[in-house]
1. Please find, within region 396-439, the residue that is farthest from S492 (Cα to Cα) out of those that are among the polar types (S, T, N, Q) and in a strand (DSSP E or B).
2. Check off (1) part of a helix (DSSP H, G or I); (2) in contact with an Asp or Glu (Cβ under 9 Å, 6 or more places away or on another chain); (3) surrounded by fewer than 13 Cβ atoms within 10 Å (Cβ to Cβ) for S213 and give me the number that stays unchecked.
3. Among the residues in region 253-268, are any in contact with a strand residue (DSSP E or B) (Cβ under 7 Å, 6 or more places away or on another chain) and in a helix (DSSP H, G or I)?
4. Is region 288-308 home to any residue that is among the hydroxyl-bearing types (S, T, Y), assigned by TED's automatic domain parsing to the domain that holds A236 and within 30 Å of G239 (Cβ to Cβ)?
5. Please count how many residues of region 10-30 are aliphatic (A, V, I, L, M) and either in a strand (DSSP E or B) or surrounded by 24 or more Cβ atoms within 10 Å (Cβ to Cβ) (or both).
6. Can you list the helices (runs of 4 or more DSSP H) found entirely within region 460-561 that contain at least 3 residues being surrounded by fewer than 17 Cβ atoms within 10 Å (Cβ to Cβ)?
7. Restricting attention to strands (runs of 3 or more DSSP E) lying wholly within region 91-208, give those where 2 or more residues are crowded, with 20+ Cβ neighbours inside 10 Å, touching a strand residue (DSSP E or B) at 6+ places or on another chain (Cβ under 8 Å) and not assigned by TED's automatic domain parsing to the domain that holds V275.
8. Which of the helices (runs of 4 or more DSSP H) contained wholly in region 570-640 include at least 3 residues that are at pLDDT 95 or above and out of contact with any Phe, Trp or Tyr (no Cβ under 9 Å at 6 or more places or on another chain)?
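The values are calculated or read from the model by the stated rules, or taken from the named source; none is laboratory data. Bear in mind the structure is a predicted one, so any value in this text is a computation, not a measurement. Cβ placement follows ideal geometry from the backbone for every residue including glycine, while neighbour counts extend to all protein chains displayed.
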Amino acid sequence: MKDFLDVLGHGFSRVAVVIPRVAVADPAANAVAHSEAIDAAYRDGACYVLAPELGLTGYTCGDLFHSQTLLAGAIDAFKTLLVTSHGWRNLLVSVGMPILVDGAVYNCAVTFQDGRVLAVTPKSYLPNYREFYEARHFASATEARCTTIDLAGVTVPFGTDILIAAKNTPSFVLHTEICEDGWVPIPPASLAVLAGATITANLSASNVTIGKSEFREELFVSASARNLAVQMYSAAGLGESTTDLAWDGHGFIAERGTLLARTERFALTSTSIIVDVDLASLIADRLRQNSFRANADDHRRTFRTMSFTHRREYGETARVYRTFKRQIDPHPFVPSDPAKRDTRCYETFMIQSTALVRKLEPLPPDMRKVIIGVSGGTDSTLALLVAAHAMDRMRLPRTNIIGITMPGFGTTDRTYTNACALIRALGCTFKEISIRDLSAQTFHDLGLPDTDAFIAEVKAGLARGAKDPETRRRRTTFENVQAWSRKHVLFSVSCAEGGIVLGTGDLSEMLIGWCTMFGDHASHYGVNAGVPKTLVKYLIDWAATKIYAPEVGAVLQDILATAISPELLPPDDDGEIAQKSEELIGPYELHDFFGYYIVRWGYAPSRIARMALAAFDGRYDIKTIKMWLGIFLARFFGSQFKRSCLPDGPKVGLMAISPRGDWRMPSDVSARLWRKELEDNVPDAVPVTL
């Protein structure tokens, strides 16, 4: 990699959809309009450009498609573009035009690069219903008797069985189809993706009617999800005849079910969009989804492959690639759109609560109870809210929830007060069992100093920032004994009262191992197991307004304003939380970002770091990202032994780390290879001005 900022060097490809203004039956004018639109995309770094169906003539030429003059004019216009393409170094382009082959006219997509035609794809399915009369003018691809044709004086491949593959970017494999081909039950593109295509491009001239644009997007965006592919779509716009129809210039690019960009519809000028598509994510999903490969085995087709060189430039000409043409969400678990976020919170909360209902249902009636340690922090708050909702849905009293506050040596007045208030506001059974005496007895039995002296020793070590092994070991003992004491209390109450101990630890904590083995790590059921820390606060806030009464909401808002902490180290001199998790292990928003792309996609650390730099857009510099990513890798690989024996808990999103489900990894695996990739490929600084 010559430039860390270069997005192409991280496996992205830049693609564009252009919709030039059309002059009906004027190929020369259309060649100029295409050239201008393609050139603008080229200067913006596009590696591939898609134009609309029959764009070199216009779709609405009618019986003029049988005119020798129009057909010859289309060829001349294409020759002009072909010559112009020598100036677009390594730019791949697909345009639409009619071509006379063996006494019939075909509606074709022509793909070319640097003056060389790579493929000519005829339309397979010709609509001849309602407003469409294509069978009057064109022959179907199934009627073709040849597999090559002469175009612009050169013999070129002809057919629907052609894949166009980049020699220097193995993940870039293109297949083109035309309009109606994408609307039939088994589109040619579906067969192509099973044969290896990662980008499917549809050249279209679909007219607009009320509601049609929404249906088009749903159809092709869902196709990108089903095909695990990038779907590009370019439809005719202004300039087509409006004698009987209208045109909106609807173009878009989708990736694995997500709409990345769309053109401005009903524009009075040429329009375009350009996006960096993530082909690595497609390959990652296909690697994991064995049903995709099985389906490919059931529908084997022989495809011809044409090769080209994917655009690569270095030096000043590559500056355009130092900025993403793509939105990368800094919070992949939390939708930025408020309406979608509400839906995400609803789905998550209901998954959690119904999963808990199912866990309690098989138990004898006197055991349908939940024991939960309530700390005044966000994780235990979410678990308590879920438990209360589960009891409501089972028509059981909330007194079946035993909420226990267990003050320790790090508990502050604020969290203690909030914990007590929340348990009572929800109408749960309240218990307070201090762990101080139990922990002190353990310290004594271990031959450690008495409690006051031990606390003083720990605080002195924290003040000095002491990191020597002995100090660190004694501080860890001080913390973990309290965590084990709390779990001892919870399981003891479970035994005495009946019911299950509800775990409070979340997905983020298990990704980095920020929990005490068999302390907060253990439970009968981990209801937050699939919920990342970045979503927890939104869930609590959502539940405060959508589920619970105002008196509960007031307590919840103060809990949300409290720093995240296990509260296992002594408070500061003002009685405030001294042990703030994110100051010790790093921002959870970064760790959630890192974990999502490592576990869900298997990306290299350098790629994740580059994406994080773009996603957080100045909030963290590359040195900070590199530091916390290094810590994440060390903790993630070093904590697998904790994940290997996780209690049951529901998966709520696309990613989980249960050893019985999504994530299976040896506990003694080394992180050396990942740490080396990070050190070798991620710089400590990048240019301030891109």
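1. Checking each candidate, the answer is T429.
2. (3)
3. So the first thing to find is which residues in region 253-268 are in contact with a strand residue (DSSP E or B) (Cβ under 7 Å, 6 or more places away or on another chain), and the list is 253-255, 259-264, 267-268.
Of the ones still in play, those that are also in a helix (DSSP H, G or I) are none.
Taking every residue of region 253-268 in turn, none turns out to be in contact with a strand residue (DSSP E or B) (Cβ under 7 Å, 6 or more places away or on another chain) and in a helix (DSSP H, G or I).
4. No, region 288-308 has no match at all.
5. The qualifying residues number 6.
6. In region 460-561, 469-497, 533-546, 550-560 are the helices (runs of 4 or more DSSP H) which contain 3 or more residues that are surrounded by fewer than 17 Cβ atoms within 10 Å (Cβ to Cβ).
7. Correct list: empty, since no element meets the threshold.
8. Because the criterion is at least 3 residues that are at pLDDT 95 or above and out of contact with any Phe, Trp or Tyr (no Cβ under 9 Å at 6 or more places or on another chain), the helices (runs of 4 or more DSSP H) in region 570-640 that meet it are 622-638.
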